[in-house]
1. State yes or no: is Gln214 under 21 Å from His81 (Cα atoms), surrounded by 21 or more Cβ atoms within 10 Å (Cβ to Cβ) and within 20 Å of the chain's Cα centre (by Cα)?
2. How many residues are assigned to a loop (DSSP other than H, G, I, E, B), more than 16 Å from ligand 2 (Cβ to nearest atom) and either on the phi < 0 side of the Ramachandran plot or of a type in the set (A, V, I, L, M, F, W, C) (or both) when one looks only at the stretch 115-135?
3. When you go through (1) polar (S, T, N, Q); (2) over 23 Å from Leu237 (Cα atoms); (3) open to solvent by 10 Å² or more (accessible area, probe 1.4 Å) one by one for Ser130, which number turns out not to apply?
4. If Asn140 passes every condition in (1) more than 16 Å from ligand 2 (Cβ to nearest atom); (2) in contact (Cβ under 8 Å) with a residue 40 or more places away in the chain; (3) in contact with a Gly (Cβ under 6 Å, 6 or more places away or on another chain); (4) open to solvent by 10 Å² or more (accessible area, probe 1.4 Å) but one, which one does it miss?
5. Can you tell me which residues in the stretch 1-35 are in contact with a His (Cβ under 9 Å, 6 or more places away or on another chain) and open to solvent by less than 70 Å² (accessible area, probe 1.4 Å)?
6. Give the residues of the stretch 71-103 that are within 16 Å of ligand 2 (Cβ to nearest atom), surrounded by fewer than 20 Cβ atoms within 10 Å (Cβ to Cβ) and among the polar types (S, T, N, Q), sorted by residue number.
7. With respect to Ile112, determine if the residue is open to solvent by less than 30 Å² (accessible area, probe 1.4 Å), more than 9 Å from ligand 1 (Cβ to nearest atom) and in a loop (DSSP other than H, G, I, E, B).
8. Which condition number does Trp398 fail, the rest of (1) under 18 Å from Lys308 (Cβ atoms); (2) within 16 Å of ligand 1 (Cβ to nearest atom) being met?
Amino acid sequence: MNKNCRICGEKLTKIFDFGKQPLGNGFLDEQNFKDEYFFDMEVGYSQKSFMFQLINQPDPKKMFHENYAFFSSTSNHMKNHFKNFYQELIDSEYKIEKNNSFVVEIGCNDGILIKNFSDSGFKHLGIEPSLNVANVAKKNNINILNSFFNKNISEKIIKNFQKVDLFLAANVMCHIPTIVEVVSEIKKSLSEKGIVVFEEPYLGDVIEKNSYDQIYDEHVFLFSGHSIKYLFNIFDLELIDMKHQSTHGGSMRYYLANKNQYKIKESVNLFLNNEKKLNIDNLSGFDAFNNNIKKSKNDLITILNELKAEGKKVVGYAATSKSTSILNYCDIDKNLIEYICDTTPIKIDKFSPGMHIPIVSYQHFLDNPPDYAFLFAWNHQNEIFEKEHEYRKLGGKWITHVPEVKIF
Ligand code: SAH
Ligand code: TMP
């Protein structure tokens, strides 16, 4: 049990206890129910480093492996998002140029972001430990090292390639318990004028939207401007810009560089001040969050029981890793949610982690439409609603829990 902050070593203050939880992406077959893995999911906060973090986390090898269930490119919206991210960097003042710049992405998955650089002829490298998704990237002509990013890998990069001009990451830095080592290695392999740009689910959004389902095994941290500034400052790296993103239910893109290389943008102060207003730079910001999570659970169970009593058919839409936290924390099984449909082949015909709700194909949803669908992929709402106007036209309703439990 890690009672101390992974960043500063000070004792963590416990702010919430979700009880026993399985792996967020641990979709499984019936024969594996009996040895399913569970861990105590408790959240802690460090008043020194401002870091919001899980107190215990399963071994990363249990989560990221040859059968990793999350393929980034299943979402067209995210493909566009990452194309725009690429374009924004190319158009920026940081001189990201295809003939001069070496680009490295940590946790590139199937290549959704770095593909834009490889297609344009950039010297590049993707670091990806999960073999199945890494193989998809390789097929797309992306240079891949199939590994976790660590000291060995950074030494390999410096020896075999050159210093890195652009370090990229998306939705992965918050997965890495050894982040202090990672930032230390980034510092060593970054060129003098190089920049580090990454985006991750934002603690400010989680608090404001009560999206507690962002808390699951893989997300060992939820970052804020305060915690990122503290962490990178240990290695003399400076937070120079922050840009809020609507993806994954509210994310923050952070820009870091060696000290005194670039002007610090006004955005940094604006976001840091806003975090002070939200009180996520101190413990008091988490009191209301704690109550809101408990209220959300009560409201959700009440609604689902009422619908069941009325004989309504209720299902889940999209077997997200986030849904695992809701289902297990609220103790919802197939008596309340009959099935969950998903478009990812590796999840179909399996069962949801912990609560063992059947995962079915999207076609099954079309063939067996429910009265109510719990929108587990609430962060992809626009994309899904565009697709599902027929379901709504036929009277189908949605259930969500963000920012509060409601039917719409
Ligand atoms: N960047 C993609 C993928 C996010 S999922 C996107 O935004 O959609 C997180 C990915 O990071 C997974 O593919 C996982 O295998 C990888 N990963 C986890 N820990 C890592 C580490 N220590 N170093 C590099 N990649 C890691
Ligand atoms: P995410 O919220 O972690 O990005 O996971 C998205 C999951 O939702 C993934 O399993 C694919 C699934 N999904 C659908 O089933 N249908 C859809 O239309 C979308 C956008 C996602």
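1. Yes.
2. 4
3. Unmet condition: (3).
4. Exception for Asn140: condition (2).
5. Going through the stretch 1-35, the residues in contact with a His (Cβ under 9 Å, 6 or more places away or on another chain) turn out to be 24, 28, 30, 33.
Answer for the stretch 1-35, where residues must be in contact with a His (Cβ under 9 Å, 6 or more places away or on another chain) and open to solvent by less than 70 Å² (accessible area, probe 1.4 Å): Gly24, Leu28, Phe33.
6. The answer is Ser73, Thr74, Ser75, Asn76, Asn80.
7. It is false that Ile112 is open to solvent by less than 30 Å² (accessible area, probe 1.4 Å), more than 9 Å from ligand 1 (Cβ to nearest atom) and in a loop (DSSP other than H, G, I, E, B).
8. The one condition Trp398 does not meet is (2).
The values are calculated or read from the model by the stated rules, or taken from the named source; none is laboratory data. As the structure is a computational prediction, the values presented were derived from the model and not from experiment. In this analysis, Cβ positions are derived from the backbone assuming ideal geometry, glycine residues included, and neighbour counts consider all displayed protein chains. Note: areas computed on protein heavy atoms with side chains; ligands, DNA, RNA excluded. Shrake-Rupley method; radii C 1.70, N 1.55, O 1.52, S 1.80 Å.
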